[in-house]
Amino acid sequence: MSDWLVTVLMSDRMGGREHLRVVTRADGDNGIVWIGRSGHGNQIVIPRDNVSRRHCCLIVRPDGIVLVKDSGSTNGTWVSGKRVAGIQRFVAGDKIYLGDHYIEIAGPPVRVAPWQVRLEVTEDNRPPRTETLDMQWTADDRHELELDDCTLIINEAGGSWLQPKAAAKLAIDDTVVEDTDPARFPVGAVARTGKLAVRLLEKPIAPPGFWEP
């Protein structure tokens, strides 16, 4: 299933302005963008005391219509001078006010396919096979893919890491990863965990149109 790419403009009362491109997370048939003070679980982070930890969210329906929902925030979410109660439609020209910031949608959401990664996989000493797999967008510019006893992490600048799960044994090019922090996994390197060996064949592949304004 493809995701939605939402382009927003975030401004503050001091005149600051930021252009953000955010990929939704799946929420049933809808896509969702969480907004709040905490960097944990939110795609748009506003680190201000007058913004709640998880303040509000944008919901993109399958037909592309955007809704805004307050998440029980302390200071409320406001659209067109009115406090949001429940869920309401958010259209071009509207501004979402939260704390000292406001957010506008720069254009209609567009469908985008997942980022992909090409791996050479060897399992149980069988002949290697090449697989092209979909990544899952998680936060900021981070995309993840679950592999056996570890997680492959990539960012949109082309960086790649492997993060072993608890108690898993992971080696990258015969160097043992000693803890559960992400370890660099460059193109061409071979990672071994359990009976699985994985080689990253090339930089992750952005879906068509992802970088277009």
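The values are calculated or read from the model by the stated rules, or taken from the named source; none is laboratory data. These numbers come from a predicted model, not from an experiment. Cβ coordinates were reconstructed from backbone atoms using ideal geometry, including for glycine residues, and neighbour counts include every protein chain displayed.
General observations
- Residue within region 23-34 that is in a strand (DSSP E or B), among the acidic types (Asp, Glu) and within 21 Å of residue 137 (Cα to Cα) present: yes
- Any hit, region 114-132, residues being closer than 30 Å to residue 8 by Cα and among the acidic types (Asp, Glu): no
- Test result for residue 98, within 15 Å of the chain's Cα centre (by Cα) and surrounded by 19 or more Cβ atoms within 10 Å (Cβ to Cβ): no
- Scanning region 150-179 for residues that are more than 16 Å from the chain's Cα centre (by Cα), surrounded by 18 or more Cβ atoms within 10 Å (Cβ to Cβ) and of a type outside the set (A, V, I, L, M) gives 150, 163, 164.
- Residues of region 2-56 classified as touching a Pro at 6+ places or on another chain (Cβ under 6 Å) and surrounded by fewer than 17 Cβ atoms within 10 Å (Cβ to Cβ), total: 1
- Residue 64 fulfils the conditions (1) under 20 Å from residue 5 (Cβ atoms); (2) surrounded by 14 or more Cβ atoms within 10 Å (Cβ to Cβ) except for a single criterion, (2).
- Pick from region 101-151, criterion touching a Pro at 6+ places or on another chain (Cβ under 8 Å) and among the aromatic types (Phe, Trp, Tyr), ranking: farthest from residue 24 (Cα to Cα): 115
- Selection status of residue 78, touching a Phe, Trp or Tyr at 6+ places or on another chain (Cβ under 9 Å), surrounded by 15 or more Cβ atoms within 10 Å (Cβ to Cβ), assigned by TED's automatic domain parsing to the domain that holds residue 12 and without any contact (Cβ under 8 Å) to a residue 60 or more places away in the chain: yes
- Residue check for residue 92: surrounded by 13 or more Cβ atoms within 10 Å (Cβ to Cβ) and modelled with pLDDT under 90: no
- Residue in region 48-71 that is out of contact with any strand residue (DSSP E or B) (no Cβ under 9 Å at 6 or more places or on another chain), in a loop (DSSP other than H, G, I, E, B) and not acidic (Asp, Glu) present: no
- Where residue 125 falls short, out of the listed (1) outside the structural domain of residue 50 (by TED's automatic domain parsing); (2) at pLDDT below 90; (3) under 29 Å from residue 207 (Cα atoms): (3)
- In region 160-200, residue farthest from residue 115 (Cα to Cα) [restricted to those that are in contact with a Gly (Cβ under 8 Å, 6 or more places away or on another chain) and of a type outside the set (D, E, K, R)]: 168
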